[in-house]
Amino acid sequence: MNRIEHWMDGRATDNGDTRVSPVYNPATGQQTGEVVLGSLASVEAVVASARRAAGGWGSSSLSARTKVLFAYREIVNRRIDEVARVISDEHGKVVSDARGEVQRGLEVVEYACGIPTLLKGEYSDQVSTGVDLFSYRQPLGVVVGITPFNFPAMVPMWMFPIAIATGNSFILKPSERDPSAALLMAEMWREAGLPEGVFSVLQGDVEVVNGLLDHPGVDAVSFVGSTPIAKAIHARATASGKRVQALGGAKNHSIILPDADIDFAAQHLVAAAFGSAGERCMAISASIMVGDVAETLLEKVSVMAREVRVGPGSDPTSEMGPVVTKTAQERIEGLISLGASQGATVVVDGRGIKVSGHENGFFVGPTVLDGVSTEMDVYRQEIFGPVLSNIRVSTVDEAIALINANPYGNGTAIFTSSGDAARRFHREVKVGMIGINVPIPVPMAYYSFGGWKDSLFGDYHIHGPEGVRFYTRGKAVTQRWPNAKVGDAASFHFPTAK
Ligand code: NAD
């Protein structure tokens, strides 16, 4: 049985922790390992290790830091297939998709390689006679990342390249469902020459999360996961005085107007709804078909949904793998049944699918529901599975109002050939990331990623320029040197320029 441990002071260790949680291969349904669950004693040990490392690393030169980052970039790039296989085995997604997530994470490493430019401060000469003013940013110290199961490499990589490049120590608390990728990423930091203690992995559940949130030695928390946990984490960590960004769940809508290219829209809807078995925070889970577009589009979507090749992630011919756990499988199938009982039409039914040779895998097939209304549970809940709910409306105004009434605001997209409709859509919709004929509009690493409303608690989006600001604090220095000729006399008046 594979035992998955913490990473501290540059090596794997269980720290004497004895609680464990099973890890499965979702394609076979078999347990393949167990992950150690950290204790409060482990929280103490890992925070102490990170604090010891933070001072030296935060004072290291920008060129020393970029040297490590460039080396890390090369190592991840070289080992990308290995990381992808590990992700696929524990998460279930197809290997090519897992490779894609590592690639998107790598782009954040590449962005962080430019940290000398990103950290440039500002300088004003002669703000008063003989007085100059400059500003620069310093690291926070020890920062924590708590991450979800669905992107075990990419989401941590949204955080740690920038946190480390800006001079912080980083503690990763990965999902207990697919914890192995975190250890590979830690090993690669060691190979890149990162000093011990700057990157740690603390495996565990609510006990270590709460321990980290309350710990005075932790300066900031980045969280990505479901909305109820994001909200609770934001409240608890801000109450203990920390800077927090907590990204939550999603219900992403796609509007399809009658003037859209229908074949193009159908292909992209199917890929965006069923890729990674719908377990993406940017997956399209609700299609809003405007006017008579449903008459042709729904049939095309349904034909394509039935053709999706469902199988184990390790099979290169599979397009969609299983969902992550048996519990997730049962919950998703239960919601489809609830949708049917509440009046939705199950046009394509993925319940009870059997994959030959993998009869015990946690598979749910692509599912298309029509006639969904906003009162139904399939609409109100984040299903986080391969289910596309179709809602029919008459006008684009109705579609935008529907999206704006939804509590989530992560991503959304419009399919249209009208520039006017697209412009109105992106200006009026209350959502953080918007696609125009792009169904999964995940911003590139040099922009920031984040939703609105219940999809993000806190003031900063993740990675890109907002990531640099999140992991640093600004200082403004006003300086005068004593041999200046004018204006040196001290005064009790509030300082004004002379
Ligand atoms: P989750 O909220 O169950 O878990 C996320 C993390 O929180 C894990 O590390 C988990 O161990 C920890 N956790 C779980 N319960 C906790 C509790 N009670 N107290 C403290 N910590 C707890 O999320 P998940 O199921 O792993 O991931 C799927 C969710 O993440 C979906 O809702 C998805 O939309 C969301 N997500 C959002 C984004 C985004 O960018 N907004 C990106 C990826 C995933």
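Every number here is computed from the coordinates shown, using simple stated rules; none is lab data. Please read all numbers here as calculations on a predicted model, not as lab measurements. Glycine also receives a Cβ, built like all others from the backbone with ideal geometry; neighbour counts cover every protein chain displayed.
Projecting the Cα atoms of 58, 419, 226 onto the charge dipole of the chain (Cβ charges, centred on the Cα centre) puts 58 farthest toward the positive pole. Here's the picture: charge each Lys and Arg Cβ at +1 and each Asp and Glu Cβ at -1 in the chain, and of 165, 131, 252 the one pushed furthest to the positive end of that dipole is 131. Can you flag which of 93/326; 93/251; 251/326; 430/475; 300/430 are past 26 Å Cα-Cα? Going by Cα-Cα distance, 430/475; 300/430 fall outside the 26 Å limit. Charged side chains reduced to their Cβ positions (Lys and Arg at +1, Asp and Glu at -1) give the chain a dipole of some 1620 debye around its Cα centre. Stretched out straight at 0.36 nm per residue, the stretch from residue 14 to residue 74 would grow longer than its current Cα-Cα span by 18.7 nm. Across the options 45, 391, 356, the greatest Cα extent toward the positive end of the charge dipole of the chain (unit charges at beta carbon of Lys, Arg, Asp, Glu) belongs to 45. Per residue, the convex hull spanned by the alpha carbons of the chain comes to 165 Å³.
For the range 300-339, the Cβ-based charge dipole about the Cα centre amounts to some 100 debye (Lys, Arg positive; Asp, Glu negative; other atoms uncharged). State the Cα centre-to-centre distance between the range 395-450 and the range 38-67 in whole Å. After rounding, the separation between the Cα centres reads 40 Å.
The modelled label-to-label distance for the pair residue 359/residue 494, using points 7 Å beyond Cα in the direction of Cβ, is 8.0 nm.
Counting only DSSP H runs of at least 4 residues, each contributing -39500 (n - 2.57), and dividing by the residue count of the chain, the helix-based mean residue ellipticity at 222 nm comes to -12000 deg cm²/dmol.
Take residue 477, project a point 7 Å from its Cα along the Cβ direction, then tell me which residues of the range 136-170 have their backbone nitrogen under 18 Å from it. The answer is 136-140, 167. Shape summary of the range 252-436, radius of gyration then Dmax from alpha carbon positions: 15.8, 51 Å.
Extension gain, residue 129 to residue 326: 0.36 nm times the residue separation minus the Cα-Cα distance gives 63.8 nm. Potential lengthening of the chain between residue 398 and residue 187 amounts to 70.8 nm, from the contour at 0.36 nm per residue minus the alpha-carbon distance.
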